[in-house]
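The values are calculated or read from the model by the stated rules, or taken from the named source; none is laboratory data. Computed from a predicted structure; not experimentally measured. Positions of Cβ are generated from backbone atoms using ideal geometry, with glycine treated the same way; all protein chains shown enter the neighbour counts. Accessible surface areas use protein heavy atoms only, side chains included; no ligands, DNA or RNA. Shrake-Rupley method; radii C 1.70, N 1.55, O 1.52, S 1.80 Å.
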Amino acid sequence: MGVSAIRAPTGDGATVVTSQKVREGRADDYERWQERTNHAVRAFDGFEGTEIYPPGAGEEREWVVVFRFSRIDLLTAWLESGERQELLAQGRPLFDGTPTQEVLVGGTPPPPDEEAVTAVISHEVRPGREEDFMRWQDKALKAQEKYPGFMGTELFKPVEGIQDNWVVVFRFDTHEHLDEWLASGAREKLLDEGRDYFYSYDVRKVESAFSGWFRFGEGADEAVPPSWKQAMTVVLALYPTVMVLNLTVGFELDELGLPGYIGLFIGNMLSVSILTWLLMPLVNRVLAFWLAPSRARSVRTHVAGAALVMLCWGLCILIFGLTTTD
């Protein structure tokens with residue numbers, strides 16, 4: 001696995017984004033191998049967390065794993081360690097092709113509660129065209145800013161003596177908005193122009209909706225659930241929360257004569273707080289058999305969990321229907 005290290009202007013943290021395509025039919029073996037890797041990396045100084053992203057819709061068996069460390073030297077110690085080399089040797093029969101990775105030094109990560117879809121693009125810049133590439137990247141940024149959902153970008157320069165690739169990281173609020181930009185005519189035109197400045201580029205997507213509400217196990221190193229499960233589970237906790245707040249706090253706020261926009265703000269603040277620190281952790285534990293990708297590996301489990309959530313939806317509707325009808 002080749003190492004591609006990049007540096008941002010600010011920050012001390014270091015992140016490695018790895019991408020590997022898994023052989024057909026070996027996904028379960030790969031997940032077990034990744035669990036062993038996650039267990040091993042926890043023992044290294046500076047380790048802060050792992051995020052695992054299974055292949056998304058339309059992506060062919062490509063898994064993305066993010067390891068976060070407090071400093072680049074501590075991340076390098078993990079990357080060059082004998083434990084990791086041994087794990088890579090064990091996992092090689094599971095990989096379809098050579099895994100790739102980029103190391104991002106510094107940078108400005110999004111807030112932990114911010115929803116975002118991230119694209120990590122590695123460029124092999126032509127020698128002597130670095131200034132042209134940077135001007136081209138500024139031009140690309142101006143084009144990106146016009147597209148809906150754009151949240152920001154960072155350019156990571158090469159580290160002398162380690163590697164030559166430049167990496168651009170940009171974020172959109174949804175997968176749909178990111179795909180809209182990636183497939184746009186404006187970007188295609190920019191790529192045609194940019195080929196004068198770089199030989200090749202690779203694109204990887206890192207996505208996670210409601211990621212702050214879904215954590216399983218130590219170090220938050222379990223893969224997040226699929227988006228449809230996240231949405232179903234959030235609705236399960238959100239609906240009764242909003243109904244109870246409307247029947248209690250909402251009634252009292254109306255009695256006080258507060259403007260509607262103030263009451264809505266207070267209600268939103270209370271409902272998000274209740275979900276984040278009370279209900280979602282509880283729901284996660286109860287539905288972990290269905291939400292955690294490493295546990296929900298059969299169609300029967302997927303169907304049973306979805307049926308249970310829909311049954312709970314129905315019970316909530318029935319209860320509030322019986323208790324609130326005049």
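Quick notes on this structure:
- Counting only protein chain heavy atoms and rolling a 1.4 Å probe, the accessible areas of Arg71, Arg300, Arg92 rank, largest first, as Arg300, Arg92, Arg71.
- The Trp313 and Leu282 beta-carbon pair, evaluated with R₀ = 22 Å, returns a calculated FRET efficiency of approximately 0.85.
- Extension gain (nm, one decimal) between Thr153 and His175, 0.36 nm per residue minus Cα-Cα: 6.3 nm
- Probe 1.4 Å - accessible area at Ile266, Å² to nearest ten: 40 Å²
- Difference of contour (0.36 nm per residue) and Cα-Cα distance, Phe265 to Leu88: 58.7 nm
- Per-residue ³J(HN,Hα) for region 135-143, Karplus 6.51 cos²θ - 1.76 cosθ + 1.60, θ = phi - 60°, Hz, x for Gly and Pro: 5, 5, 5, 4, 5, 4, 4, 4, 6
- Inter-label distance, nm, simple model (7 Å from Cα along the C-beta direction), Val272/Ser200: 4.3 nm
- FRET E, pair Lys139, Thr98, Förster distance 30 Å, beta-carbon r, rounded to 0.05: 0.40
- Full-stretch length increase - Ser81, Phe289 - with 0.36 nm per residue and alpha-carbon distance subtracted: 71.5 nm
- Solvent-accessible area of Leu318 with every protein chain in place, 1.4 Å probe, in Å² to the nearest 10: 100 Å²
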